[in-house]
2 protein chains.
Amino acid sequence: MDERQLRILRELGELGSVTAVAEALLVTPSAISQQLRLLQRAIPVPLTERQGRRLVLTDAGQALAGAAVEVETALARARHTVEEFLGRPDAQVSVAAFHSAGSAFFPLLLRVLAAPGRPVPRLADEDVPQEDFPRLTREYDIVLGHRLDHAPPWPDTVATTTLLREPLDVAMPVDHPLAAKRRVTPRDVADQRWIAAHDGFPVLAVIEAIAAAAGRRPHLAHRINEFAVVAEAVAAGGGIALIPRWTMRPHPALVLKPLSGVRARRHIDALYRPERTARTAVRTVLTELRHTARVIQNAGPP
Amino acid sequence: MDERQLRILRELGELGSVTAVAEALLVTPSAISQQLRLLQRAIPVPLTERQGRRLVLTDAGQALAGAAVEVETALARARHTVEEFLGRPDAQVSVAAFHSAGSAFFPLLLRVLAAPGRPVPRLADEDVPQEDFPRLTREYDIVLGHRLDHAPPWPDTVATTTLLREPLDVAMPVDHPLAAKRRVTPRDVADQRWIAAHDGFPVLAVIEAIAAAAGRRPHLAHRINEFAVVAEAVAAGGGIALIPRWTMRPHPALVLKPLSGVRARRHIDALYRPERTARTAVRTVLTELRHTARVIQNAGPP
DNA sequence: GGGACGATGTAGTGCCACTAAATGATCGTT
DNA sequence: AACGATCATTTAGTGGCACTACATCGTCCC
C-alpha cells in the first residue's frame, strides 16, 4: 500500500470509473487496473466492485480512500515544509560575533528586531583565531569575523559581506606625552611598550607592520585579546595598544590617536554559507546588520 | 519526494548516520546515500551536511523530517483504516427481508440491538422473486430470503445460513368444514379454491405439489403475495391459502391446519457475501438473527 | 443484435532502487 | 606520524516493477 495506490483509490471514489482515473492521472486504464489489483492483494476485503461495466468503491474502499486524503494532505504539507521553512520571516537566526563586534552590533540588532514578525536573533560571542571564523558558519547562520585590510580574503567556501572598514587607533592614557598630537606616526610609537593580542589575532600583525615601518622590532609587553581589558591595562600604564575606533565604548582615561603612514584598518565581515540566505529571516538579519554598521560608523559606539 | 525518501530523512535525523539508517532499513549505505541525493535534487537548500565523517540534518532537513513524521502517521492510519473499518462493533449493518420475515425478525432485532456499542441496523423490506434474493446482497449486508425445502440451493456466489425451517400450514376460516380436523391431507384440500402467490414466489410450488399428490390441477382463485392480505382474503371466504406457521401474526378469524403427506416447508435463510463477514458488526447481526430465529420458533410470532 | 464503452489480462519495455566493490575522507590509536 | 577502522560516496551492473500496447471479455444502448 503506497501513496500512488491510495491516490488511485481516492480518484476512483471521486471519478467513478477506471477510465476516468486513467485520464486524470495520464496513464492507461490497464495501469490503473493493475495497481488496484496490487492494492487489493494487500487487503483482505474487497475495496472495489463492479457496478454494471463500471468499477466503484465498496464501503471498505471508501473508508480507505478517506484515509488516503489524509496521506495526500500530509505529503502536500511536507512538500511545502521547506518553502515555509525558508519563507518564515520570524524564524530564528543565529549570529555569532567576536567580542567587540558583539558589544557594538548586538544591542542595535536586538533593538531593531524586537518586534513580532521579525527574525528572532540567537546571539553568541565567539572569539576565535582568524582562520576559525569560516568554520563557525557550520554552527551559526551568520558569523561576524574580522580581518585586516591587506590580509588574505576569506576562503570562498563561505560568502562574505563587509560591514565595516574600521580604523585601529593608538590608545594611550590621557596624560601620555603623545596625547598632545592629532595623529601619530610609526616612528612615534615604534619604541613604546605594546599591549597586543594573542598569536593568530589580527591586531598583532598591524603592530608588527608599524615596527617594521620604523625599522624596529616591537616590544610586546602584554598579550590581551579582549579590548575592554586592553583599555583598562592601557589606562593603568601597562603600555599603548591598538583599539578599534567605532566598536569600542570610549574609556574616560584614554585617548585614541589615528595612525598615519600605516594602513591600520580591520574589516568586520559577515560570513555565512550561501545556501542559508535562502531563508528570508537570514536575509533580513543580514540587511539589518549592514544598516547597523552604518549607524555605528556614523554615530560611533553607543 | 516520496514516502521512502522522507522515511530515510527522518531516520537519519534520529540515528545520526547513513550507516545506521542503512542497517535499520535493511539496505546498504549506498542505497541510503543515493536516495538522499535524489531527495536533495528536488529541494533547493541543503537538507544534510557532513559532520566529521558522519552525515547529519541541517535545520531545513529537520523541518522536513518533522513533516515526514506526519506523512508516516497518515500512512499508518491508512493501513489501519481497513482493520478499524472491519473491527468496529457499532458500525451500520444493512438487513433486507421479505415481508413476513421482516415483520417477525425486525422487531426482535431492533430490540436486541438497541444499545450503544452494538451494530446499528439499517432495515429494509424487499419482496422479490426467488431468484433475485442473491442479487440483493450487493446492496445489503444481509438479505433474508426464503425458498422451499426441496428447491435448488442458493447459488454459491453467496454464503447462506438457514435461520428457520418453517412449516406452511393451510389457513381457513374458523367455520370452514375442514377446521374440525387436526391435520389436512392433499386429498382434503385439492379441490379447494386457493389464494396463491405470484409466479416465481415459493408458495405457489407447494400448492402445485399438493394438487399433484391428489391427482388434480389446482384451482388458483387469487394471486396475492402479502400474507397479511392473504389472511384477510381467506377470512373473507376468498379461498384457502398456505400461511407460514411462525412468522405470521395469528388472525382471529382463521385457523391453521398442518398438512400431512406433503413437505410444506420454507427455509428462511440469511444470504450475504462472504467477505462482508469480515466486519465484526455483520457477524454480530448474523449471530443475533440466528438467536432471533430460535425465539420465533419457540414462541411463535410476537 | 451490433456497436460503443469500460475493465481486465498478457507480453514487452524502460526506469529506478538496489547491491557490490572501489575510492575518499575522517577519526582514534600506538 | 602512521596505521587501521569507520563512514560516506561513487560507479557499474542487475532485478523488479510500473507502465504501454494490444487483445479479450462483459455490459449498456440504440
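A compact table of results
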item: Complete set of residues in the range A:46-58 that are facing chain B (nearest Cβ under 9 Å) and either touching a Ser or Thr at 6+ places or on another chain (Cβ under 6 Å) or modelled with pLDDT of 90 or more (or both); result: A:PRO46, A:LEU47, A:GLU49, A:THR58
item: Unique residue being touching a Phe, Trp or Tyr at 6+ places or on another chain (Cβ under 7 Å), assigned by TED's automatic domain parsing to the domain that holds B:HIS99 and over 30 Å from B:VAL120 (Cβ atoms) when the list is B:ALA236, B:ALA241; result: B:ALA241
item: Residue count for the range A:18-44, restricted to those that are more than 11 Å from every other protein chain (Cβ to nearest Cβ), within 11 Å of DNA strand D (Cβ to nearest atom) and in contact (Cβ under 8 Å) with a residue 24 or more places away in the chain; result: 4
item: Within the range B:203-232, considering residues that are modelled with pLDDT of 90 or more and touching a His at 6+ places or on another chain (Cβ under 6 Å), the one most open to solvent (accessible area, probe 1.4 Å); result: B:ARG223
item: Per-region count, the range B:114-162, residues assigned to a loop (DSSP other than H, G, I, E, B) and of a type in the set (A, V, I, L, M, F, W, C); result: 6
item: Test: B:GLU70 is closer than 27 Å to A:ARG4 by Cβ, more than 16 Å from DNA strand C (Cβ to nearest atom), within 14 Å of chain A (Cβ to nearest Cβ) and exposed (fewer than 15 other Cβ atoms within 10 Å of the Cβ); result: no
item: Per-region count, the range B:280-302, residues at pLDDT 90 or above and either in contact with a helix residue (DSSP H, G or I) (Cβ under 6 Å, 6 or more places away or on another chain) or within 23 Å of B:ARG249 (Cα to Cα) (or both); result: 13
item: Criterion: within 13 Å of DNA strand C (Cβ to nearest atom) and either buried (at least 16 other Cβ atoms within 10 Å of the Cβ) or under 26 Å from A:GLU84 (Cα atoms) (or both) - qualifying residue of B:LEU47, B:LEU6; result: B:LEU6
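The values are calculated or read from the model by the stated rules, or taken from the named source; none is laboratory data. Keep in mind that what you see is a predicted model, and the values were worked out from it rather than measured. No Cβ is skipped: glycine too gets one built from the backbone with ideal geometry, and neighbour counts run over all protein chains shown. Only protein heavy atoms, including side chains, enter the accessible area calculation; ligands, DNA and RNA are left aside. Shrake-Rupley method; radii C 1.70, N 1.55, O 1.52, S 1.80 Å.
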